[in-house]
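See structure below.
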Amino acid sequence: MEDKFSKIVSLCKRRGFIFPSSEIYGGIGGFYDFGPLGVEMKRNIKDLWWKEMIQNHENIVGLDASIIMSPKVWQASGHLTAGFADTLLECKKCHKRFRKDEIKQNKCPECGGKLTKPRKFNLMMKTFVGPVEEEASLTYLRAETCQGIYMNFKNVLNTMRLKLPFGICQIGKSFRNEINPKNFIFRTREFEQMELQWFCHPKEAKKWFEFWKKERLKWYESLGLKKKNLRAKEIPAKERAHYAKRQVDIEYRFPFGWGEIEGVHNRGDWDLSNHAKHSGEDLRYFDETKKEKYFPYIIETSIGVERSLFAFLCDAFEEIPGGRTKTTKATKEVEILLKLHKKLAPIKVAVLPLVRNKRELVKKAKEVYKLVKPHFVSQYDEIGSIGRRYRRQDEIATVVSVTVDFQTLKDNTVTCRDRDTMTQIRVKIQNLVEVIKKILEGEKVFKV
Ligand code: GAP
């Protein structure tokens, strides 16, 4: 299983999904860059989530709050105290630091050295605002996007004339000074979150918690994650986040074991009541019809973009020893097929001239590429044999490969090849865009 992990990491680097940050300077622990394919896939995930929240549900609006806020926000939210700290142990010999929950025996996992006594380490990432680096200008990069939503609870409520229950959702970067970033993009120090804060009457919190838990599990399944690799884990009180009355982690079975990709939390009135207390603003909701004033409860769904992207990649990764085309002579090569959901695939269409040493074919293929490119994220590839190019596209999950061959020059048709079944159909160039649209919408265009 570990092996699968390193194969996926290597694919990500080799094919332009993910690179270590600042690589030419030896990298920096816990930070990654998303390459041309990674950035497309990330955008797809974010767009799909946004559409799910804003268009597929009722009563949810969006927000984009600043990353840096007043440090008072973090004081009130409990993030500057023990609530948002991990227990750290340091090796007295090699000085490497570890999270307590990762230590199995009471010695350094790296060099076997003695460990220090456990102490609390706060995860907030510090920074200074303005030209003077002093205590008064100290603040923090946000550790969760939702605090920006609480800051704007009243603004949004009043400007949008919303009535409970309603939701505010946001996508954005968060930062945590993790003691030990690990497992590639699973635990990093900079990451993106997609968070929904659902405000409801306290008496309805239980019902909405169940509703959102189910909705979120359905979302992953609708994007192809295998049910057997997904689970919802109820978190016992002593392990919950400091703000959570109830917590269910949605976990994925990664090659290194089960890991959380999303948290569903009942935050009760922890945030609004604390911010009201610290700021002096009345953040209660007034129900006009019932003449009732109260702090709404918050049901939160919080998902990490990178973690879900990693889960989608792991789930889609398949190796086929000897390859899929059994007609060609047996080869020892292992083919990789990345069976990502069509909506997640970074490249939708590849345009390939059958050979590159025939000028008319190349010219025609470039025309076809120009035709499809404004409609779909596309790639043009003429290097290597056609079989090799198909495999290269399969490896990066390209949904349709369009080949321009000698028949194209006679009758203006091209072949469209389906990634998963390798089935091919001939399509008139004039209909190509429409046919690809249908394929991407999930219509059964390829007859198997
Ligand atoms: N607002 C609630 C909150 O932030 P969380 O469980 O701490 O809850 C939610 O984080 C999600 O954010 C996690 O399920 C995970 O997907 C992602 N996440 C948290 N810490 C992360 C890290 N260090 N690296 C990558 N993703 C992380």
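The values are calculated or read from the model by the stated rules, or taken from the named source; none is laboratory data. These figures come from a predicted structure and were not determined experimentally. For neighbour counting, all protein chains shown are included, and Cβ atoms are generated from backbone atoms with ideal geometry for every residue, glycine included. Calculation scope for accessible area: heavy atoms of the full protein, side chains included, ligands and nucleic acids excluded. Shrake-Rupley method; radii C 1.70, N 1.55, O 1.52, S 1.80 Å.
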Report summary line: Only one of Lys218, Lys293 is more than 14 Å from the ligand (Cβ to nearest atom), within 27 Å of Lys72 (Cβ to Cβ), modelled with pLDDT of 95 or more and open to solvent by 50 Å² or more (accessible area, probe 1.4 Å), namely Lys293
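What do you reckon, is Gln105 surrounded by fewer than 15 Cβ atoms within 10 Å (Cβ to Cβ) and over 30 Å from Val349 (Cβ atoms)?
Taking the combined requirement at face value, the residue satisfies it.
So, in region 38-59, exactly how many residues are of a type in the set (A, V, I, L, M, F, W, C) and open to solvent by 10 Å² or more (accessible area, probe 1.4 Å)? Full working, then the answer.
Step one: filter region 38-59 for residues of a type in the set (A, V, I, L, M, F, W, C), giving 39, 41, 45, 48-50, 53-54.
Within this subset, residues satisfying the condition of being open to solvent by 10 Å² or more (accessible area, probe 1.4 Å) are 39, 48, 50, 54.
Counting residues in region 38-59 that are of a type in the set (A, V, I, L, M, F, W, C) and open to solvent by 10 Å² or more (accessible area, probe 1.4 Å) gives 4.
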Report summary line: Checked against (1) open to solvent by less than 50 Å² (accessible area, probe 1.4 Å); (2) among the polar types (S, T, N, Q); (3) free of Cβ contacts under 8 Å to residues at least 40 places away in the same chain, Gln197 satisfies every condition except (3)
Query raised in the report: Are there any pairs with C-beta distances below 7 angstrom linking a residue in region 247-261 that is within 14 Å of the ligand (Cβ to nearest atom) to a residue that is among the hydroxyl-bearing types (Ser, Thr, Tyr) and open to solvent by less than 10 Å² (accessible area, probe 1.4 Å), with the two at least 6 apart or on different chains, and if so which?
Result: Gly259/Tyr252; Ile261/Tyr252; Ile261/Ser308
**Report entry** Unmet criterion (only one of (1) more than 16 Å from the ligand (Cβ to nearest atom); (2) at pLDDT below 95; (3) of a type outside the set (A, V, I, L, M)) for Asn155
**Finding:** (2)
Query raised in the report: Can you find even one residue in region 135-148 that is among the acidic types (Asp, Glu) and away from the ligand (no atom under 16 Å from the Cβ)?
Result: yes
Query raised in the report: So how many residues does region 334-373 have that are open to solvent by 70 Å² or more (accessible area, probe 1.4 Å) and in a loop (DSSP other than H, G, I, E, B)?
Result: 6
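Among the listed residues Phe191, Phe184, which satisfies the condition of being part of a loop (DSSP other than H, G, I, E, B), within 16 Å of the ligand (Cβ to nearest atom) and touching a helix residue (DSSP H, G or I) at 6+ places or on another chain (Cβ under 7 Å)? I'd like the intermediate steps shown before the answer.
Values: Phe191 fails: part of a loop (DSSP other than H, G, I, E, B).
When all the criteria are applied, what remains is Phe184.
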Query - Members of region 85-142 found to be touching an Asp or Glu at 6+ places or on another chain (Cβ under 9 Å), polar (S, T, N, Q) and under 27 Å from Phe191 (Cα atoms), listed by number - result: Thr87, Asn122
Report summary line: Wholly inside region 388-448, strands (runs of 3 or more DSSP E) that include 2 or more residues that are of a type in the set (S, T, N, Q) and outside the structural domain of Asn44 (by TED's automatic domain parsing) are 400-404, 413-418
Query raised in the report: Of all the strands (runs of 3 or more DSSP E) wholly in region 61-159, which have at least 1 residues that are small (Gly, Ala, Ser)?
Result: 85-90
Query raised in the report: Only one of (1) under 22 Å from Lys277 (Cβ atoms); (2) within 23 Å of the chain's Cα centre (by Cα); (3) in the same structural domain as Val305 (by TED's automatic domain parsing) is not met by Leu141, so which one is it?
Result: (1)
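Go through region 14-37 and report how many residues are open to solvent by 40 Å² or more (accessible area, probe 1.4 Å) and away from the ligand (no atom under 16 Å from the Cβ). Full working, then the answer.
Step one: filter region 14-37 for residues open to solvent by 40 Å² or more (accessible area, probe 1.4 Å), giving 14-15, 19-20, 22-26, 28-29, 31-34, 36.
With away from the ligand (no atom under 16 Å from the Cβ) added as a condition, the list becomes 14-15, 19, 22-26, 36.
Of the residues in region 14-37, 9 are open to solvent by 40 Å² or more (accessible area, probe 1.4 Å) and away from the ligand (no atom under 16 Å from the Cβ).
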Requested in this report: Please give the number of the condition Arg99 fails out of (1) open to solvent by 90 Å² or more (accessible area, probe 1.4 Å); (2) within 14 Å of the ligand (Cβ to nearest atom); (3) of a type in the set (Lys, Arg).
Outcome: (1)
